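To start, the structure itself, in structure tokens.
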4 protein chains.
Amino acid sequence: MSDEVFSVEMEVRDYECDLQGIVNNSVYQNYLEHARHKFLLHKGLDFAALTAAKIHLVVLKAELEYKASLTPGDLFTVSVRMEAEGRLKWAFVQEIRKQPEGKLMLKGRITGVSLNEKGRPFQAPQVMEMLGGE
Amino acid sequence: MSDEVFSVEMEVRDYECDLQGIVNNSVYQNYLEHARHKFLLHKGLDFAALTAAKIHLVVLKAELEYKASLTPGDLFTVSVRMEAEGRLKWAFVQEIRKQPEGKLMLKGRITGVSLNEKGRPFQAPQVMEMLGGE
Amino acid sequence: MSDEVFSVEMEVRDYECDLQGIVNNSVYQNYLEHARHKFLLHKGLDFAALTAAKIHLVVLKAELEYKASLTPGDLFTVSVRMEAEGRLKWAFVQEIRKQPEGKLMLKGRITGVSLNEKGRPFQAPQVMEMLGGE
Amino acid sequence: MSDEVFSVEMEVRDYECDLQGIVNNSVYQNYLEHARHKFLLHKGLDFAALTAAKIHLVVLKAELEYKASLTPGDLFTVSVRMEAEGRLKWAFVQEIRKQPEGKLMLKGRITGVSLNEKGRPFQAPQVMEMLGGE
């Protein structure tokens with residue numbers, strides 16, 4: 001597996017901010033998911049097409065460390081690095097950094113698994129290839 | 001601090017489901033937040049009023065274990081238990097259970113801190129009282 | 001078609017409010033949609049099941065009059081009345097009223113049509129029955 | 001007032017799609033709002049700063065015609081044109097077009113007004129200047 005770090009540029013939209021005037025905590029998961037799906041697409045995997053083919057990539061665990069709050073108009077990048085976790089699971093290691101200064105705003109680790117048509121964990125070949133080896 | 005467990009009943013709304021036909025991962029944080037704010041209100045603390053008074057309750061960390069997926073029309077409860085974590089921090093221990101069977105769908109631990117008007121962590125008296133003592 | 005008015009009780013959740021401290025304009029469409037789907041369910045039509053059966057109820061037009069803003073913690077009702085509009089279309093006439101005073105906050109008229117598996121408008125028997133006659 | 005048309009490029013994110021596999025109806029209002037706020041910023045008006053200064057730009061009416069549905073990964077533009085409507089009100093005329101083909105997906109007309117600190121409609125000088133001219 002490569003050490004490549006994939007990254008997406010985004011911008012805070014006002015409707016994503018709550019009555020505290022900062023991006024709502026749940027919205028960071030939207031940012032992270034969007035970056036993951038762009039990463040998959042970059043690797044040749046279309047999340048919507050996978051879903052239509054009854055292969056479900058499912059999140060098992062999300063660990064999010066909120067370091068600082070994004071505010072209206074902020075520009076930021078969301079990075080994605082993927083690593084295997086055991087035989088069936090994988091983890092996305094992600095960071096959100098405010099730009100242009102690169103300040104770390106959030107660190108995330110999203111653990112997941114592929115489910116087949118019957119809802120059973122399996123080694124989806126498409127995903128294994130991404131994680132895989134020599 | 002009491003061992004009281006506070007709980008809110010909710011129902012999945014179709015717009016909360018994504019193209020996988022299940023509740024989107026980020027939406028669980030909405031559910032958890034809503035239950036926390038109802039808990040605070042039950043304790044006499046209004047989140048919007050606290051915010052207007054420049055006391056910001058801020059999430060530092062969210063650890064979410066996704067056990068099973070909620071689907072359209074599901075009824076569920078979101079529980080909230082609060083505990084101190086060191087001198088300044090607190091944690092909300094939360095569970096989402098599908099009803100009426102009580103099946104565990106998600107476990108969450110949300111760690112936070114109170115920030116004063118200058119954005120510095122402090123022992124907000126309103127919050128300390130909730131966590132505290134005799 | 002009956003003059004029955006169907007109504008759902010809801011409560012503003014803090015995360016639905018934006019940096020103006022009021023419910024974001026887009027969220028009212030979530031409220032309206034949820035009430036429509038509850039109305040359909042009350043009539044025996046499950047939106048998710050219809051979708052799975054490749055019958056798509058699609059919105060053609062939304063006309064929303066914002067009369068006053070809902071704020072954190074507000075209780076409100078969302079009403080739904082359905083009427084035919086020509087041979088193929090139907091309209092949902094909806095109101096959001098703050099409770100307990102009953103103050104009108106939003107008036108909406110949502111026009112839609114049923115699409116078959118090929119994406120063509122058609123008289124979905126399930127919907128026609130709801131609208132229909134003797 | 002100029003005939004200038006302002007436009008923002010955006011991309012559908014998977015989490016914006018609902019169980020029908022298309023962008024949820026309410027999300028188009030997010031798109032439209034984001035484009036309006038970018039338009040205001042382009043004109044020198046920061047919506048968040050206006051709000052902090054107790055000037056509230058409030059939507060009175062939204063008329064949305066849904067022409068076709070955006071799906072995962074679609075690129076699109078959201079255009080904004082502003083016009084006066086009487087002495088106090090203004091309207092944003094907006095279109096969402098799928099790119100690169102330019103197909104019209106949604107037409108919107110959003111009517112609004114400026115409210116002062118007391119919640120009364122008034123001619124906010126900042127907004128009047130935008131509408132104004134020779």
* Asked: Quick one: if you take sqrt(5λ) for each eigenvalue of the C-alpha gyration tensor of the range B:62-134, what semi-axes come out, biggest first, whole angstrom?
  -> 31, 13, 10
* **Scattering curve values for chain B, log₁₀ I(q)/I(0), Debye with Cα scatterers, q = 0.09, 0.13, 0.16, 0.20 Å⁻¹** => -0.28, -0.57, -0.83, -1.15
* Structure fact -> Taking a probe of 1.4 Å and leaving out DNA, RNA and ligands, the range B:6-130 shows per residue an accessible area in Å² of 42
* To do: Take peptide B:32-39, look around each residue's Cβ out to 10 angstrom, count Cβ atoms belonging to other protein chains, and average those counts.
  => 3
* Asked: Placing a label point 7 Å from Cα toward Cβ, how far apart in nm is C:Pro121 from its equivalents in the other copies, listed shortest first to one decimal?
  -> 3.4, 5.0, 6.0
* Asked: Setting aside same-chain residues fewer than 8 positions from C:Lys98, which lysines have a Cα under 23 Å from its Cα?
  -> B:Lys38, C:Lys38, C:Lys67, C:Lys107, D:Lys61, D:Lys118
* To do: Provide the buried accessible surface between chains C and D in square angstrom, both chains summed, 1.4 Å probe, rounded to the nearest 100.
  => 2000
* Express in Å², to the nearest 10, the accessible area of B:Ile55 obtained by rolling a 1.4 Å probe over the protein heavy atoms while all chains stay in place. => 20
* If the label for D:Glu101 sits 7 angstrom from Cα along the Cα-to-Cβ line, what are its distances to the same label in every other copy, in nm to one decimal, shortest first? -> 4.4, 4.5, 5.0
* Asked: Given a 1.4 Å probe and every protein chain left where it sits, what share in percent of the accessible area of the range C:6-130 is carbon and sulfur?
  -> 49
* Structure fact -> Expressed as a whole-number percentage, the relative contact order of the range C:1-102 with C-alpha contacts under 8 angstrom and at least six residues apart is 37
* **Percent of C-alpha pairs per 10 Å bin, the protein assembly as shown, short to long** => 3, 17, 28, 28, 18, 5, 1, 0
* Could you tell me which of A:Asn25, A:Met10, A:Ala49 has its Cα farthest along the dipole of the range A:6-130 towards the positive end, charges placed at Cβ (Lys, Arg +1; Asp, Glu -1), taken about the Cα centre? => A:Ala49
* Helix-only CD estimate at 222 nm, as mean residue ellipticity for chain C, using -39500 (n - 2.57) per DSSP H run (n ≥ 4) -> -6500 deg cm²/dmol
* To do: Rounding to the nearest 20 debye, state how big the charge dipole of the range B:6-130 is about its Cα centre with +1 on each Lys and Arg Cβ and -1 on each Asp and Glu Cβ.
  => 520
* To do: May I ask for the angle, rounded to the nearest 10°, between helix B:27-42 and the longest principal axis of chain B, with both axes built from Cα atoms and the value confined to 0 to 90°?
  => 50
* When only the heavy atoms of the protein chains count and the probe is 1.4 Å, how do B:His37, B:His56 rank by accessible area, highest first? -> B:His56, B:His37
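The values are calculated or read from the model by the stated rules, or taken from the named source; none is laboratory data. Keep in mind that what you see is a predicted model, and the values were worked out from it rather than measured. Backbone-built Cβ (ideal geometry, glycine too); neighbour counts: all protein chains shown. Accessible surface areas use protein heavy atoms only, side chains included; no ligands, DNA or RNA. Shrake-Rupley method; radii C 1.70, N 1.55, O 1.52, S 1.80 Å.
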